[in-house]
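Notes follow once the structure below has been shown.
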Amino acid sequence: MKPPADQDVAGRIRQRIEVQGPIAVAEYMAMANAHYYAHHDVIGVAGDFTTAPEISQMFGELIGIWLADLWVRAGRPARVHYVELGPGRGTLARDALRAMAGAGLCPQAELVETSARMRSRQAEAVPDARWHDQLATLPDDGPLLVVANEFFDALPVRQFDSSGRELRVTWEGGRFVREGVVHQESSPESLDIVRVLAQRLVAQGGAALIVDYGHSRPGTGDTLQAVSRHVYADPWQEPGGRDLTAHVDFHALATAARSAGAIVHGPVPQGAWLEAMGIRVRAAALAKASQERAEEIAAARGRLTDADQMGRLFKVLALTAPGWPDPAGFR
Ligand code: SAH
């Protein structure tokens, strides 16, 4: 069922175009997604798309183990914070925090989330969490253990044609139309966030794990896409009613983090990282504990790691504070 408010956001975008002329693709994407995440139950079988933590608990658990291992080798600092950007349904946080607790690490959860609807979902999974609209209000008194899964792909991209002109969206013949041909994309908002994150790590210690779909080398062309009910859809129809994402430029993220002083590891393909983190062993242990689920567990491992599923397109990038140990999974 489509919330009636979806028509409002399309109307608001049209109105803005009528008042100020064609708007930047990034502005269209930002308005559409803010509405989308505020009004739809987007993630999961009944939603529009499924993410790695919703496929299997193994994903969040291995991330928790990765963080706990770093924390142990960093000398078990007493005051640390678990930070997650765009935590969705809170499943990853819940699984990671449980795995960390098994290693004696029980940090306060600090969740950066702009959608009130998503926050209430997250509160069901992680009742003791605290919420933030942006990184600026995160605690500044101890190392940060940061996770962002499928967060950066949802941030607005600017698009440029081959002469460097920024592409705009207009309303024409009863529909939204992008003017011109895309040659380059960039996401200044993503770069700002990574820069601030890296500065925080340098100042406070800690590490960040960024997982997303995208390219490791700077790419060209149009990667903006829409997904609705698990199938690709037209990004220029029903803004606010479907998920708009773009490929994450890992090269650009790494460069921004490095120039802010963080140590960069990867990116490596998600499949290789999960294998290095021991997903095989974890899957075998889970299957042994509940044999009736053995097939389902094997299938989930395949979805997360196989090259033709999420194993290759999805990548893992880590940032660490100078002086922190080398993270597992990147050799
Ligand atoms: N990490 C989750 C969900 C990814 S969907 C998972 O793996 O399942 C993207 C999430 O980012 C949603 O929770 C959305 O509400 C949130 N989000 C999108 N833009 C944001 C922004 N600018 N600041 C904070 N959260 C944002």
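Rule-based calculations on the coordinates, nothing more; no lab input. These figures come from a predicted structure and were not determined experimentally. As a convention, Cβ positions derive from the backbone with ideal geometry for all residues, glycine included, and neighbour counts pool all protein chains shown.
Using the Cα atoms of segment 149-200 to build a convex hull, what is its mean projected area in square nanometres? Each step should come with its number before you reach the end.
On the way: hull surface 19.9 nm².
The Cα convex hull of segment 149-200, projected and averaged over all directions, gives 5.0 nm².
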Karplus-derived 3J(HN,Hα) from phi for segment 297-308 (6.51 cos²θ - 1.76 cosθ + 1.60, θ = phi - 60°), whole Hz, x at Gly and Pro, runs 5, 5, 5, 5, 4, x, 4, 6, 10, 5, 4, 8
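Compute the Cα gyration tensor for segment 241-283, then decide on rounded, prolate or oblate, letting a ≥ b ≥ c be the square roots of its eigenvalues: rounded whenever a/c is under 1.5, prolate when a/b is larger than b/c in the other cases, and oblate in all that remain. Please report the intermediate quantities before stating the final value.
Numbers: a/c = 3.29, a/b = 1.21, b/c = 2.72.
Judged from the Cα gyration tensor, segment 241-283 comes out oblate (a/c at least 1.5, b/c at or above a/b).
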Residue span THR170 to LEU313: 0.36 nm per residue of separation minus Cα-Cα distance leaves a gain in nm of 48.3 nm
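Taking 37 °C and 0.692 mPa s as the conditions, I'd like the Stokes-Einstein D for segment 1-141 in µm²/s, using the Kirkwood hydrodynamic radius from alpha carbon pairs.
Taking Rh from Cα pairs, D becomes 193 µm²/s.
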Rg/Rh of segment 282-331 (Cα atoms, Kirkwood Rh), to two decimals, equals 1.15
Note: segment 94-212, point scatterers on Cα, Debye, no solvent; log10 I/I(0) at q = 0.10, 0.14 Å⁻¹ equals -0.46, -0.76
Here the alpha-carbon Rg of segment 1-67 over 2.2 N^0.38 Å rounds to 1.58
For segment 178-230, the Debye formula with one identical point scatterer on each Cα and no solvent gives log10 I(q)/I(0) at q = 0.18, 0.29 Å⁻¹ as -0.84, -1.23
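Grab the alpha carbons of segment 242-318, take their convex hull, and tell me the volume per residue in Å³. List each step's numbers first, then the result.
Numbers: hull volume 9.6 nm³, N = 77.
Output value, Cα hull per residue: 125 Å³.
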In whole angstrom, the spacing between the Cα centers of segment 17-64 and segment 106-129 equals 16
Quick P(r) readout (segment 30-86; Cα-Cα; 5 Å bins; whole %) gives 4, 14, 17, 18, 14, 13, 10, 9, 3
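How high is the FRET efficiency between ARG258 and HIS230 when r is their beta carbon distance and R₀ equals 25 Å, given to the nearest 0.05?
Working: r = 36 Å, r/R0 = 1.45.
So, using R0 = 25 Å, E works out to roughly 0.10.
Stick to the Cα atoms of the chain, pair each with every other, and give me the Kirkwood hydrodynamic radius in Å at one decimal. All intermediate terms of the calculation are to be shown ahead of the outcome.
Details: mean 1/r = 0.0487 Å⁻¹.
Taking every pair of different Cα atoms in the chain, averaging 1/r and inverting gives 20.5 Å.
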Per the C-alpha gyration tensor (a ≥ b ≥ c, the square roots of its eigenvalues), segment 192-263 is rounded if a/c is under 1.5, else prolate if a/b beats b/c, else oblate; here it's prolate
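Determine how many Å³ per residue the convex hull of the Cα atoms of segment 203-331 encloses. Each step should come with its number before you reach the end.
Numbers: hull volume 20.9 nm³, N = 129.
With only Cα atoms used, segment 203-331 gives 162 Å³ per residue.
Considering every Cα-Cα pair within segment 139-295, what fraction, in whole percent, is farther apart than 27 Å? Each step should come with its number before you reach the end.
Working: 5047 of 12246 pairs.
Summing the P(r) of segment 139-295 above 27 Å gives 41 percent of all pairs.
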